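The values are calculated or read from the model by the stated rules, or taken from the named source; none is laboratory data. What you are looking at is a predicted structure, and each value in this text was computed from that prediction instead of being measured. Note that we place each Cβ from the backbone using ideal geometry, even for glycine, and neighbour counts take in every protein chain shown.
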Amino acid sequence: MPIRIDKVSNLEWIMAIFLAGSFALLSFYQLVYYQRWFIIFTVVLSFLLSLYFVLKTYKENGEYIKSHSAISFVMILLAVLLVRAMYQAKGVPNLEMRFELLPFSFFCFQWWLWAIPALFYLLIWIWQKASRFFADFWDGLDGENKRLYIILTIVFSSIIPILYLVEPQWYLQYDQVYSIDSGYCYQRLFPQMTYYDIRHPALSVIAFPIWSIVECILRLFVPRQFLSILCVACVQLVNIQFLLIIGLMIGKLSKSKWIPLLYMASSPVLLFVMFFEKYQLCIFLLVIYVYQLCQRAKNTEVSLILATGAMATSIFIVLSEWFIREPIQAKSNKMNNIAKNKQKIENNEWHVKGKQFCRMIIFGIAFLISTGRIHLLNPMILLAEVQHTAQRFGLKSLSVTECLNSLTKMVHGSFLSLSSVSEAKYIWSDIMGSVSLIGVFILVISIMGIIVNRRENFVKVCTVWLSFAFLLFTVFQWSVHESPLFSIYFSWAIIPLFQKGLQYMIDKFHWQERLVYVPLLLVMLVVNVLDIVNIGMFLKRVV
């Protein structure tokens, strides 16, 4: 609904302007390394966008703050912790030199304190939205899935801190196993809010608060010599929560009790349970959007923008909007006069879908501005960064056969580990040189699942994502030699499609479900757990 300015009191205007100024200052501290005109435009636009955001949400946020005083107090403390972490991460003395012509210092801590109201307001808004979503999601789970979630949380919460304390290489290794950037994430990505990469344009904006809050709290009672290890372990426990919730979400969308078990036992999930990385968060944000889309939730723009902010290629999932989301206005027209106005209805659907698409673009631009990525709105800069990244990671003049072989290895890796050692790296031998028969079998069953269940919304989304995997490896030739790494990026879609096809065969030939799924799960667990053990032995040799 549009904002009714005449219904906003003078006091509310003053508060909105004050908070918008706080948001503008917060955006200023995010991009002070850029050119001066980028900074000026960002601060001004952030002020205007934040003013709109505050006026749009002040009633909802204000009522929540009044009725939840304890949570509000906690959010104030978290906002203080985040500002303190930002101030330390920025390297203030170096920034002073860039703004030496100013008559006063923007970088004394007193000025940074003015960013606290914006962070507090934003944290309150995020908390109430997230808590409401997960409360509804939890209430919708059956007892079996709730027990599975609790048991796995307890098991992993016990294993990970002990493992990281005893074997630090589990989180410090860089590019040794599956090209997982454990050490890179630990040293640069998570603890620095200035991290930027066109492949993850706003990932640090999402990851840095998680890291900072965990570190600031642990610093209060953990001995200094254990602080880094336990900080990584605790953030990894958050990553594990992301993976568990992903499994439950795709299980709910698939309407199958076997999907969460298959997902938890898969190679990419077990691997990313053990290793500290960024992909857990990226996929979580992506599947959150898919879940809301398939559940026909309203206003999913924020979820989509977060997904693409963490992993820019996630924008391909927006194609699902055209196949799934039915405009409310068009639906109403159908109910009223479906026979007489068919052409008019179809035209209206395209019109409303076009408006939804434009709305998402506007939200995306606002997000880039607010997170200090305004330079990406310059077509020349954006094109240069895309070309540089494509030359580095894709378009390697490989043959179609090599790319298809890599694709089958990725599909294979979505279920079972590929175990071999080559040139001091784990599982990198012959990725492009041979086809995986297991991968081909999984693809065939998955295509069967698509054909049989093609009318289901979640199947449509998974089909879009599997098609994107084909384009990524065969057309864009994106990191073809690292395809097993991308199994975590696509397994959430491949596993449900495979299960749909397998279930069709079970029903067609009247097999007993348990006699099919239980042996499959046991094979997956044994193969993938043994692979984790082999990785541990491998790391001891190379460190």
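Going through Gln225, Gln241, Gln292 one at a time, which residue ends up being modelled with pLDDT of 95 or more and either of a type outside the set (Ser, Thr, Tyr) or part of a helix (DSSP H, G or I) (or both)? Step through it out loud before you land on a result.
Numbers: Gln225 fails: modelled with pLDDT of 95 or more; Gln292 fails: modelled with pLDDT of 95 or more.
Only one candidate passes the filter, namely Gln241.
Would you tally the residues in the range 187-227 being free of Cβ contacts under 8 Å to residues at least 40 places away in the same chain and surrounded by fewer than 15 Cβ atoms within 10 Å (Cβ to Cβ)?
Of the residues in that region, 10 qualify.
Filter the range 228-238 down to the residues that are more than 19 Å from Arg84 (Cβ to Cβ) and crowded, with 22+ Cβ neighbours inside 10 Å and list them by number. Talk me through it step by step, then tell me what you get.
Step one: list which residues in the range 228-238 are more than 19 Å from Arg84 (Cβ to Cβ), which gives 229-230, 232-233, 236-238.
Val232, Ala233, Gln236, listed by residue number.
Only one of (1) within 24 Å of Ser314 (Cα to Cα); (2) not in a helix (DSSP H, G or I) fails for Ser467. Which number is that?
Looking at each condition in turn, Ser467 falls short on (2).
crowded, with 23+ Cβ neighbours inside 10 Å and not small (Gly, Ala, Ser): which single residue out of Leu525, Leu485, Leu515, Leu497 fits that description? If you could, list the steps in order and put the result at the bottom.
Numbers: Leu525 fails: crowded, with 23+ Cβ neighbours inside 10 Å; Leu485 fails: crowded, with 23+ Cβ neighbours inside 10 Å; Leu515 fails: crowded, with 23+ Cβ neighbours inside 10 Å.
None of the others qualify; the one that does is Leu497.
Among the residues of the range 532-543, is any touching a helix residue (DSSP H, G or I) at 6+ places or on another chain (Cβ under 6 Å) and outside any helix (DSSP H, G or I)?
yes
Every residue in the range 155-186 that is within 27 Å of Leu81 (Cα to Cα), surrounded by 15 or more Cβ atoms within 10 Å (Cβ to Cβ), in contact (Cβ under 8 Å) with a residue 40 or more places away in the chain and of a type outside the set (Gly, Ala, Ser), please.
Passing the criteria: Ile160, Pro161, Tyr164, Tyr171, Asp181, Cys185, Tyr186.
List every residue pair whose Cβ atoms sit under 9 Å apart, with the two residues 6 or more apart in sequence or on different chains, where the first one lies in the range 273-292 and is in contact (Cβ under 8 Å) with a residue 40 or more places away in the chain and the second, anywhere, is outside any helix (DSSP H, G or I) and aromatic (Phe, Trp, Tyr).
Close Cβ pairs (under 9 Å, with a partner that is outside any helix (DSSP H, G or I) and aromatic (Phe, Trp, Tyr)) amount to Phe275/Tyr178; Phe276/Phe190; Lys278/Phe190.
Of everything in the range 475-509 that's touching a Gly at 6+ places or on another chain (Cβ under 6 Å) and either closer than 23 Å to Leu398 by Cα or outside the structural domain of Phe284 (by TED's automatic domain parsing) (or both), which residue is modelled with the lowest pLDDT?
Looking only at the range 475-509, we keep the residues that are touching a Gly at 6+ places or on another chain (Cβ under 6 Å), and these are 476-478, 484, 487, 497, 500-501.
Going one step further and asking which of them are either closer than 23 Å to Leu398 by Cα or outside the structural domain of Phe284 (by TED's automatic domain parsing) (or both), we end up with 476-478, 484, 487.
Working: Phe476: 89, Gln477: 90, Trp478: 89, Pro484: 86, Ser487: 94.
Top of the filtered list is Pro484.
Filter the range 1-36 for residues that are closer than 12 Å to Phe53 by Cα and modelled with pLDDT of 85 or more; which is surrounded by the most Cβ atoms within 10 Å (Cβ to Cβ)? Don't jump to the end; show me each part of the working.
Step one: filter the range 1-36 for residues closer than 12 Å to Phe53 by Cα, giving 2-3, 16-17, 19-20, 23.
When the remaining residues are screened for being modelled with pLDDT of 85 or more, the result is 16-17, 19-20, 23.
Working: Ala16: 19, Ile17: 15, Leu19: 22, Ala20: 21, Phe23: 25.
Here the answer is Phe23.
Is it the case, given these coordinates, that Val386 is among the β-branched types (Val, Ile, Thr), at pLDDT 95 or above and in a helix (DSSP H, G or I)? Lay out the reasoning, then the answer.
Values: among the β-branched types (Val, Ile, Thr): yes; at pLDDT 95 or above: no; in a helix (DSSP H, G or I): yes.
It is false that Val386 is among the β-branched types (Val, Ile, Thr), at pLDDT 95 or above and in a helix (DSSP H, G or I).
On the basis of being aliphatic (A, V, I, L, M), modelled with pLDDT of 90 or more, in the same structural domain as Pro268 (by TED's automatic domain parsing) and not in a helix (DSSP H, G or I), does Leu472 make the cut? Give the derivation first.
Working: aliphatic (A, V, I, L, M): yes; modelled with pLDDT of 90 or more: yes; in the same structural domain as Pro268 (by TED's automatic domain parsing): yes; not in a helix (DSSP H, G or I): no.
In short, no.
Checking Gly309 against (1) under 16 Å from Leu189 (Cβ atoms); (2) in contact with a Gly (Cβ under 9 Å, 6 or more places away or on another chain); (3) at pLDDT 95 or above, only one condition comes out false. Which one?
Here Gly309 clears every test but (3).
State the number of residues belonging to the range 382-429 that are more than 28 Å from the chain's Cα centre (by Cα) and loosely packed, with under 14 Cβ neighbours inside 10 Å.
To start, the set of residues in the range 382-429 that are more than 28 Å from the chain's Cα centre (by Cα) comprises 397-402, 420-424, 429.
Next cut, loosely packed, with under 14 Cβ neighbours inside 10 Å only: 397, 399-401, 420, 422-424.
Result for the range 382-429: 8.
Just the residues that are of a type in the set (S, T, N, Q) and more than 13 Å from the chain's Cα centre (by Cα), please, taken from the range 193-221. It would help to see each step written out before you state the result.
Initial filter on the range 193-221 (of a type in the set (S, T, N, Q)): 194, 204, 212.
Within the range 193-221, Thr194, Ser212 meet the criteria.
Before we move on, is Ser72 at pLDDT 90 or above, surrounded by 14 or more Cβ atoms within 10 Å (Cβ to Cβ) and assigned to a helix (DSSP H, G or I)? Spell out the reasoning first.
Values: at pLDDT 90 or above: yes; surrounded by 14 or more Cβ atoms within 10 Å (Cβ to Cβ): yes; assigned to a helix (DSSP H, G or I): yes.
Judged against the criteria, Ser72 is a match.
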